[in-house]
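Participant: Let me begin by handing over the structure; questions about it come next.
The values are calculated or read from the model by the stated rules, or taken from the named source; none is laboratory data. Quick caveat, the model's predicted, so the values are computed rather than measured. Cβ coordinates were reconstructed from backbone atoms using ideal geometry, including for glycine residues, and neighbour counts include every protein chain displayed.
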Amino acid sequence: MNNISIAPEIRKKCPDLVLGCFSCQLTWEASSKGLEKKIQDTCASLAQELTRPEISQIEAIASSRAAYKALGKDPSRYRLSAEALLRRVVSGKGLYQINTIVDTLNLISIKTGYSIGGYDAAKIEGDIVLGIGAKGELYEGIGKGDLNIEHLPVFRDNKGAFGTPTSDSTRTMVTENTSSFLMVFLNFGNHATLKDSLIQTKSLYEEYTNATDCQTLIIE
């Protein structure tokens, strides 16, 4: 697993921030019938249980929205990935089907409320530091074109920015060639559910992506 740290600049504004990390070796597949059914069942259950106004009150989402405001970013304009996914689910649209690696991540995100970065670890160069987006800083977000990452929580490696809780960059995105995978949970409220979420993550990736060499780490 890459060395991952939290920069003082974001620690000062988000003092309760904790990161949950999961890495593994895995097998890319376009789809999985078992995973597809699990996602459909989970989406159907959440659509019955939740309303749109209740999404922002979910513990992990509420603390993430508060962190965005503390950093100077509007969480209603730059939606957290977990919140955006749950809004789709509650609207009856379900989740996009992308591939088993990304689909499993999205399933975990809607189940836990955490916004999660998912990266092809082979495309990350050097140590990873979570900081704050600089003025005028952009990158190409997956499915979003140029994304203004100023004031967002931003993961950087030796080549620059590559991930935020709103949208990760195309530079480190998962493709059919991905075999080394890294996930990072952003837990802005130091919620106790993170440990169980990492255990659940390991189990799901082992089941649906044949994950091996699984490692978990919590960074406080």
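Per-residue answers, yes or no, for (1) in contact with a Gly (Cβ under 6 Å, 6 or more places away or on another chain); (2) closer than 15 Å to residue 68 by Cα; (3) modelled with pLDDT of 95 or more:
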position: 131; (1), (2), (3): no, yes, yes
position: 142; (1), (2), (3): no, no, no
position: 145; (1), (2), (3): no, no, no
position: 154; (1), (2), (3): yes, yes, yes
position: 161; (1), (2), (3): no, no, yes
position: 173; (1), (2), (3): no, no, yes
position: 179; (1), (2), (3): no, no, yes
position: 196; (1), (2), (3): no, no, yes
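Participant: Any residue in region 52-80 that's under 17 Å from residue 141 (Cα atoms): show its pairings with residues that are among the charged types (D, E, K, R) and surrounded by fewer than 15 Cβ atoms within 10 Å (Cβ to Cβ) at Cβ separation under 8 Å, as long as the two are six or more apart or on different chains.
Facilitator: So the pair list comes out as 75/69.
Participant: Enumerate the pairs (first residue in region 162-175 and farther than 20 Å from residue 30 by Cβ; second residue anywhere and among the aromatic types (Phe, Trp, Tyr) and at pLDDT below 95) with beta-carbon separation below 6 Å, excluding pairs fewer than 6 apart on the same chain, so at least 6 apart or on different chains.
Facilitator: Close Cβ pairs satisfying both conditions: 166/78; 169/139.
Participant: Quick one: in region 53-71, of everything that is of a type outside the set (A, V, I, L, M, F, W, C) and touching a helix residue (DSSP H, G or I) at 6+ places or on another chain (Cβ under 9 Å), which residue is surrounded by the fewest Cβ atoms within 10 Å (Cβ to Cβ)? Step through it out loud before you land on a result.
Facilitator: Filtering region 53-71 for residues of a type outside the set (A, V, I, L, M, F, W, C) gives 53-54, 56-57, 59, 63-65, 68-69.
Next cut, touching a helix residue (DSSP H, G or I) at 6+ places or on another chain (Cβ under 9 Å) only: 54, 56, 64-65.
Details: 54: 12, 56: 16, 64: 28, 65: 21.
Filtering region 53-71 for residues that are of a type outside the set (A, V, I, L, M, F, W, C) and touching a helix residue (DSSP H, G or I) at 6+ places or on another chain (Cβ under 9 Å), the one surrounded by the fewest Cβ atoms within 10 Å (Cβ to Cβ) comes out as 54.
Participant: Return the total of residues in region 22-52 being surrounded by 14 or more Cβ atoms within 10 Å (Cβ to Cβ) and either among the aliphatic types (A, V, I, L, M) or out of contact with any Leu (no Cβ under 8 Å at 6 or more places or on another chain) (or both). Spell out the reasoning first.
Facilitator: Step one: of region 22-52, the residues surrounded by 14 or more Cβ atoms within 10 Å (Cβ to Cβ) are 22-26, 28-29, 32, 35-36, 38-39, 42-43, 46-47, 50.
With either among the aliphatic types (A, V, I, L, M) or out of contact with any Leu (no Cβ under 8 Å at 6 or more places or on another chain) (or both) added as a condition, the list becomes 24-26, 28-29, 32, 35-36, 39, 46-47, 50.
Total meeting the criteria: 12.
Participant: What number of residues in region 176-201 are surrounded by 14 or more Cβ atoms within 10 Å (Cβ to Cβ), within 21 Å of residue 31 (Cβ to Cβ) and of a type outside the set (S, T, N, Q)?
Facilitator: Counting residues in region 176-201 that are surrounded by 14 or more Cβ atoms within 10 Å (Cβ to Cβ), within 21 Å of residue 31 (Cβ to Cβ) and of a type outside the set (S, T, N, Q) gives 2.
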